[in-house]
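The values are calculated or read from the model by the stated rules, or taken from the named source; none is laboratory data. A quick note: this is a predicted structure, and the numbers were derived from the prediction, not measured. Backbone-built Cβ (ideal geometry, glycine too); neighbour counts: all protein chains shown.
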Amino acid sequence: MTPADVEVLYVSSVPSPEQFVAMQGELLPSAQQVTYGMPESGFKFHSLIQRGLLDNGARVTSLVGRSATPTFYRGGWWRRVVDRPRPSLVVDHRGFPNVRVLKQAHLAASLAAGALRWRLRTRGRQRFVVVDAAYVSALPGVLAATRGVTRVAVFADVYTFMADVSDASSRSGARYRAVRRVVGRTYRSIDRFVLLTRQMDDVVNPLGRPSIVMEGLVDADMAASDNVLEAKDEQLTVLYSGALRREYGLAHLVDGFRAWDHPSARLVVYGGGDFAPDVAAAAAADPRVEFRGTAPNAEVVAAQQRAWLLVNPRPADQEFTAYSFPSKNMEYLVSGTAVLTTRLPGMPPEYDEHVLTIDGSSAADVTAALERAAALGRTALHERGDRARRFVLERKNHRTQGLRIVQLALGESHD
């Protein structure tokens, strides 16, 4: 069998591009997209997986439970929306009442019903199911409705460590312990595992079922976007783009940069989040710090390509980092600009020669790393970034990773 003969059911909270934009328009004024719902990084991750399946010839039916709650989005009834962005892709956004508790129960039943209809419709064909393992409220019903079909779960996070989920933000309490038990039992019904890091395997796959590690993927079409040395900023520019959260090491980045005795360097920061006021205050106090807030993706990508260095200061000494590989690192690497990151335990050794590292989790460690990187000079940094870009485009592009998932589901994986 080839991927062109395969029907795929994809169950997640990832909307079509049109619905993603529409949902942002429904956010309440006090809400921030980076702190709840489907952030852009998650949207890109799952959308690229779907594109990888499609580009390998599979036919994909995407069942979507949009991640909206009355706390952050307008209430009332959210109607069903069916999009067909490509001939071989149907994106079915299920309708739901945006009412606390009722919404999750309604969507769980609706997604299970949609999965059952897909199972009946595709009888006799080569097929498999892909589920976002983080969608814990939908998993039991979808897995029950697709019994007898190979189910592949994509783990971009481990539920135990998902601080953004309201009932998992604390590791104590009866509600959290009950949810954790249910999730653990649900994961035992999964047939194949796509894991962000190898360390996840012991946590979510106690039965040792077939799995692959897919720490990320990049858009193969980025090969057409050149990063040219002559277009680099004349001024030494260090750039951070993404969610501005204190737990992501932003305080160490800002303090470490400001302690760096390099008068002509500048730190450019894009993004929003609870640390944004601190970045704005740093920009007001230090003319070398520039806070640009949230901006269109095209503007951010262009700024990444002009910068000398892209930095990710996420602390490497916290327990959850063994189960994470920031999508930011993949986004940075494919830009063609040199990357400076902490030594995250979930980062495979093959990346070591393609990144510069922050050896520690303090502001002083950031300062030392910036000094080492700047000493290489603009040309050497550009050459390192170009090598890293070619590495991820050749080895981690969405078509290659999509094919690995198909092979895993069909029992043809060579990992």
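Here are some notes:
- Exclusive hit being free of Cβ contacts under 8 Å to residues at least 24 places away in the same chain, touching a helix residue (DSSP H, G or I) at 6+ places or on another chain (Cβ under 7 Å) and not acidic (Asp, Glu), set 193, 257, 291: 291
- Of all the listed residues (379, 341, 357), the sole one being polar (S, T, N, Q) and assigned to a helix (DSSP H, G or I) is 379.
- Failed criterion for residue 152 (all others in (1) of a type outside the set (Ser, Thr, Tyr); (2) surrounded by 13 or more Cβ atoms within 10 Å (Cβ to Cβ); (3) modelled with pLDDT under 95 hold): (3)
- Summed over region 195-254, residues that are polar (S, T, N, Q), touching a Gly at 6+ places or on another chain (Cβ under 9 Å), surrounded by fewer than 20 Cβ atoms within 10 Å (Cβ to Cβ) and more than 30 Å from residue 298 (Cβ to Cβ) total 1.
- Tally of residues being at pLDDT 95 or above, surrounded by fewer than 21 Cβ atoms within 10 Å (Cβ to Cβ) and out of contact with any helix residue (DSSP H, G or I) (no Cβ under 8 Å at 6 or more places or on another chain) across region 104-113: 3
- Residue, surrounded by the most Cβ atoms within 10 Å (Cβ to Cβ), within region 309-334, restricted to residues that are at pLDDT below 85 and touching a Pro at 6+ places or on another chain (Cβ under 8 Å): 321
- Selection from region 174-222 of residues that are part of a helix (DSSP H, G or I) and touching a strand residue (DSSP E or B) at 6+ places or on another chain (Cβ under 8 Å): 187, 200, 201, 204, 220
- The set of residues in region 267-317 that are farther than 27 Å from residue 377 by Cβ and within 17 Å of the chain's Cα centre (by Cα) comprises 271, 272, 273, 297.
- Residue match in region 115-132 (condition: of a type in the set (D, E, K, R), part of a strand (DSSP E or B), under 14 Å from residue 13 (Cα atoms) and in the same structural domain as residue 28 (by TED's automatic domain parsing)): yes
- Cβ pairs under 6 Å, 6+ apart, first in region 298-313 and of a type in the set (Phe, Trp, Tyr), second not in a helix (DSSP H, G or I): 308/236; 308/237
- Filter pass, residue 367 being touching a Gly at 6+ places or on another chain (Cβ under 6 Å), surrounded by fewer than 22 Cβ atoms within 10 Å (Cβ to Cβ) and more than 23 Å from residue 194 (Cα to Cα): yes
- Residues (out of contact with any helix residue (DSSP H, G or I) (no Cβ under 7 Å at 6 or more places or on another chain), not aliphatic (A, V, I, L, M) and not in a loop (DSSP other than H, G, I, E, B)) located in region 294-308: 297, 299
- Once region 335-350 is narrowed to residues that are more than 17 Å from the chain's Cα centre (by Cα) and buried (at least 21 other Cβ atoms within 10 Å of the Cβ), the residue that is nearest to residue 223 (Cα to Cα) is 336.
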